[in-house]
C-alpha cells in the first residue's frame, strides 16, 4: 500500500477505469482479408457465434492475423505506457472471431484469468430491420458497466458517477482495450447483415516484478 502525503489542492482522480480506443492504419484493406478468413473458418463447420472460443486465431500464421497481432501488441504497449508502467511486461494473446447474425448477442460478462481484454471490429452492419420494439434499443453496440456496483445510487445531475454504463457503437477498424474484470454486454444485431469482430485477451506471463511495493 502506497501513501501519498504530498496531496495537492484540487480534484484527485481515484480508481479510474481505463478504456483505450485506437484505429490502426491500414485497417480497411486488412479487414477484407480478415472477413475472408473468418468465412473460411465458418466453412469448417464451426459456429462462430456459439462456439466462438474454438479457434485460437492468434496461433495462426496468416498475413491478416499477423498484421492484427502487431496492432494488438502495439495497443497494449501504448496502454501500459499511458498507465505509467515503465518496466518490462510479458504477455500472450489469445483471441477468437465472433460472428453475430440477426438476433445474436453476448450476455454481460467479463474475462477471467486475463489482465486485459479487447475487441477489434472487422465488419459492422450498415442497415437495420424495421421492428416494433423499444426506441432505446442499441443494436450492435457494446456497453461497459462501472465495476463499482451501485456507485451511481447517490449521484446527482452532472455528477460523473450518475451513469453506471458506457455504450459504444463500433465502426470497422476500431480497436478497444480494457481491464479484463470489466463487465460488458454486446447488444443484439438487428440487421440481416453479419457483425464480425475479433475479441482477444492479454494473459500475463507471470513475474514477481509485477508485484507492487508493499513498503
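With labels modelled as points extended 7 Å from the Cα through the Cβ direction, what inter-label distance (nm, one decimal) is found for residue 165 paired with residue 40?
Here the modelled spin labels are 3.8 nm apart.
Sorting 7, 77 on the 10 Å Cβ count, fewest up front, what's the list? Numbers along the way, then the final one.
Values: 7 8, 77 12.
Least crowded to most crowded, the residues run 7, 77.
Let me make sure I get this right: for segment 114-184, a, b and c are the square roots of the gyration tensor eigenvalues over alpha carbons, sorted descending. Under 1.5 in a/c it's rounded, otherwise prolate if a/b > b/c, else oblate. Which is it?
Numbers: a/c = 2.66, a/b = 1.24, b/c = 2.14.
Oblate, because a/c is 1.5 or more while a/b does not exceed b/c.
What distance in nm separates the two pseudo spin-label positions at residue 18 and residue 152, each 7 Å out from Cα along the beta-carbon direction?
Going from the residue 18 label point to the residue 152 one covers 2.5 nm.
Find how many whole Å separate the alpha carbon centroid of segment 174-189 from the alpha carbon centroid of segment 88-129.
Their Cα centres are 7 Å away from one another.
Cα axis of helix 63-83 to longest principal axis of the chain: angle in degrees, 0 to 90, nearest 10?
For 63-83 against the chain, the angle is about 20 degrees.
Expressed as an acute angle from 0 to 90° and rounded to the nearest 10, what is the orientation of the C-alpha long axis of helix 27-43 relative to the principal long axis of the chain?
60 degrees
Sort 68-76, 132-140, 153-161 by packing, meaning the average of other beta carbons within 10 Å per residue, with the highest value first. Present the calculation step by step, with values, prior to reporting the outcome.
Values: 68-76: 18.6, 132-140: 11.0, 153-161: 8.9.
For the peptides 68-76, 132-140, 153-161, the packing ranking is 68-76, 132-140, 153-161.
How big is the equivalent ellipsoid of segment 62-172 along its three axes, where each semi-axis is √(5λ) from the Cα gyration tensor, reported in whole Å from largest to smallest?
On the way: eigenvalues 164, 121, 30 Å².
That gives 29, 25, 12 Å for the three semi-axes.
Return the distance in nm (one decimal) between the two label points of a simple spin-label model at residue 87 and residue 8, each offset 7 Å from Cα along Cα→Cβ.
So the two model labels end up 2.6 nm from each other.
Bear in mind these aren't lab numbers, they're just calculated from the coordinates by the rules spelled out. Computed from a predicted model, the values in this text were never measured in an experiment. Cβ: placed from backbone, ideal geometry, glycine included. Neighbour counts: every protein chain shown.
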